[in-house]
Amino acid sequence: MGMVNQLIEKAASGERLNPEEGLTLFKGASLHQLGQLADQLRQKKVGNRASYVVNRYLNYSNICILNCQFCAFAKKKRDEDAFEYSIDEMVSVAKDSIDNGITEIHIVGGLHPTLPFDYYLDIIRSLKAVHSRLMLKAFTAVEIRHLALRVAK
């Protein structure tokens, strides 16, 4: 029996794989084998049940320093239709959304040129305080890089 089959059996039995074993399995098993294993483990864990997220997309701003060719969203601060929400406005949206059954808020807002770093921390703190079941999915990789570069200065 090959290493990949041994790792499939180990995982299927509920035993945790270490990172090296996981990488070996990922590189050595076929997509079909990985899918079968994942389905088998899901069946053991939750049966034939499915779940989903009720999501609210919340843009804290549409002001962005980039000029991506594919983006019809971003505005400059001087643009008439540019906006940025206050923390209180976002909390109000979250509360209304919770009342309508959402379970997650997805927060995205571009690369704002002047909002202070604390504003972003306050977004997370304030929205997490809205309700214990509320999950946050916050910021794109480009936004996080933008914030990191601004903080590093």
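The values are calculated or read from the model by the stated rules, or taken from the named source; none is laboratory data. Note that this is a predicted model, so its numbers are computed, not measured. Here the Cβ is made from the backbone with ideal geometry for all residues, glycine too, and neighbour counts use every protein chain on show. Remember, those area values only see protein heavy atoms, side chains included, never the ligands or the DNA or RNA. Shrake-Rupley method; radii C 1.70, N 1.55, O 1.52, S 1.80 Å.
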Next item on the list: Determine the gain in length on full extension of the stretch F70-I124; use 0.36 nm per residue of separation and subtract their C-alpha separation, reporting nm with one decimal.
Entry: 16.6 nm
Margin query: Quick check: from the Cα gyration tensor, does the range 1-116 come out rounded (a/c under 1.5), prolate or oblate?
Written below: prolate
Checklist line | Cysteines (scope the chain) whose Cβ has no counterpart Cys Cβ under 4.7 Å | finding: C64
Note to self: Leaving out ligands, DNA and RNA, and with a 1.4 Å probe, what % of the accessible surface on the range 67-109 is carbon or sulfur?
What the structure shows: 46 percent
Check: How large, in percent, is the carbon and sulfur part of the accessible surface of the range 1-46 at a probe radius of 1.4 Å?
Finding: 57 percent
Item checked: Cα-based helix-to-principal-axis angle, 19-28 vs the chain, degrees rounded to 10 -> 80 degrees
Checklist line | Estimated FRET transfer efficiency when R0 is 22 angstrom, pair I144-S51 (beta carbons, to 0.05) | finding: 0.20
Next item on the list: Would you mind getting the accessible area per residue of the range 4-110, heavy atoms of the protein chains only, 1.4 Å probe, in Å²?
Entry: 69 Å²
Next item on the list: Could you work out, for the range 53-153, what percent of all Cα-Cα pairs fall into each 5 Å distance bin, beginning at 0 Å and stopping at the bin that holds the largest distance?
Entry: 2, 12, 23, 23, 18, 13, 6, 1, 0
Notebook entry, point to check: How much accessible surface area, in Å² rounded to 10, belongs to the heavy atoms of T140 with a 1.4 Å probe?
Noted result: 60 Å²
Margin query: Going Cα to Cα from K27, which lysines come in below 27 Å? Please leave out same-chain ones fewer than 8 positions away.
Written below: K10, K44, K45
Margin query: I'd like the distance separating the alpha-carbon centroids of the range 57-87 and the range 2-49, in whole Å.
Written below: 43 Å
Next item on the list: Given the peptides 45-55, 5-15, 77-87, arrange them by the average over their residues of other C-beta atoms within 10 Å, most packed first.
Entry: 5-15, 77-87, 45-55
